[in-house]
Amino acid sequence: MPDVVDTTGRAAARSKAVAALKPTIDVIIDRHYNSKVYTSGSVIAGRAIVKAVRDTAFDHFDIVFTGIAATRLDFVQQYPSHSFRPFLKMRMPISEDDMPEDRVFKAGRTYTLPFHFVIPHQLPIGACKHQCEDGPVLDHHLRLPPTIGFWSADDQAPEMAQIEYAVKARAVKQAQGDVPASKVMEGQHVVKVLPASPEDAPLDITFRDERYTMAKTKTIRKNLFSAKTGKLTVASMQPEAVMFSADGRDASLSTAHINLEFVPDSVDTAPPKINSVSAKLLSTTFFGAAPVNYLPNLGPRTAYHSNPCLNYTTTNNLFNNPVDKISWLQEKVDAGRRDSGYSSSHLSPDSDAMGKSGNKKTASPIKHVASLDVPFTVTNNNRKIFLPTFHSCLISRTYVLQLCLSVGPTNTTLTLSVPVQVGVETAHDDPQGGELPSFESVMARDQEAEADSYLRPRIRRAASEDAPQTNSLLPGYNELSRRSAMPVAPVA
């Protein structure tokens, strides 16, 4: 019986041998661990260690800190299926003393190249070059987005949207003749970034913003077949942002404020009982194949845009609590405001607004008002995390707080959908005032400081009357100030 040749095992062994012969770059970050989270102003320092098993020539060696957004549109034929957009690239200057003079990594030697990055608070202005509808869109696009798709827990985003931050080191060989440029070796270290996201002003919600319902009115009845007892209106506004700590572990408590107004059909009718209030948090990720020039969470749900967005929504149940007692206050209805339509929402255009004799019913002269405060928060755990609210060129994340009230004996439900922001506290102050300096400006500033240090006088001594006048040393500004303050001797 002929021997069986294990070609699969030989191929695997051969590939391992080839991989062992390739030069490697290990990117090591100081004081790093797998679950560590970096934020705006955090320092990412370490070293790139180059090990070459054979002499490897190169022309350039780069160590960069990059931020890249990538999206994929499945089953959308009229648009590109993949999009890849770098939005951040910080290059580390490398001292010539750390590089081999002949630009060849020698076999058997180990080269250590240090790096030191500080995560910026803002992106450079060149990160967003496309046309935007208004200023706030550009301001949002110049903020750092959080990492998406590289967390150990579910970040509530689809696989088609990813944002990656990494420290990359690579040696490049320049193009020569017909031979294109190539990377002779490369290494990277991916990190998780949760940038600072301060609380923004509340959104200006209008009737066009169909994703939000800030007020709701419904007719209240004692049972399914009885006449109506009045109309209940519930309304809310955008609550304070839920602010996470810089590491994403702790979150602040926010409160949703709900206003209630009951206009009875009869003066003797009491307000209905509020049975319970429940809350859900809807997390929506918007992503597209091309940069968008608008905020995708505002406006109609279906509207034509040259660069449309897909969206992916997850639902998180926060609580379902009974309501024990509400303190109602009785107020008089202003007739002038009712006639203007401000308080006439309780009047129905159907036959219920007419008496049995066909005459119009007299509107109720009173109304009952109350308020309800609903505290809530969210938490990050090893199964699910909440990213901050953000809008970038390709990807956005927004949240909707859905409040549902169960009212009266028939358990009539009124549901509100209000926007809520999830932010991240600032752990490090921005020394640049929100602007990222360029490498050229930093080098020019250092050269200017060096020149000032060189021109500054090192020896200061009072000149004697016999000493000849000399201009070899220019006086400093402080010296000129002192001279102008001294009394001038009279001329003989």
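Put the Cα centre of region 56-123 next to the Cα centre of region 149-223 and the gap is 20 Å. Normalising the Debye intensity of region 51-132 to I(0), with uniform scatterers on Cα atoms only, and taking log10 at q = 0.17, 0.23, 0.24 Å⁻¹ returns -0.86, -1.11, -1.16. Within the set of other residues whose C-beta is less than 10 Å from the C-beta of G149, count the net charge using Lys and Arg as +1 and Asp and Glu as -1. Its environment carries a net charge of -3.
Compute the normalised compactness of region 152-212: alpha-carbon radius of gyration over 2.2 N^0.38 Å, N being the residue count.
Values: Rg = 21.6 Å, N = 61, 2.2 N^0.38 = 10.5 Å.
That works out to 2.06 for region 152-212.
Extents of region 26-78, largest first, come to 49, 32, 19 Å (Cα atoms, principal axes, whole angstrom). Full extension of the chain between E96 and E159 gives 18.5 nm of extra length, using 0.36 nm per residue less the Cα-Cα distance.
Taking the Cα centre of each part, how many Å lie between region 284-332 and region 237-257? For region 284-332 versus region 237-257, the Cα centre distance is 17 Å. Look at the alpha carbon pairs under 8 Å that are at least 6 residues apart: their mean separation over the length of region 217-325 gives a relative contact order of 23 percent.
Placing unit charges on each Cβ (+1 for Lys and Arg, -1 for Asp and Glu) gives region 168-232 a dipole about its Cα centre, and among P180, A227, F207 the Cα reaching farthest toward its positive end belongs to A227.
Checking every one of the chymotrypsin sites (Phe, Trp or Tyr not before Pro) in region 184-243 against DSSP loop status and a limit of 15 other Cβ atoms within 10 Å picks out F207, F225.
All of the numbers you see were taken from the coordinates with simple rules; none came from a lab. All values derive from a computational prediction rather than experimental measurement. Cβ coordinates were reconstructed from backbone atoms using ideal geometry, including for glycine residues, and neighbour counts include every protein chain displayed.
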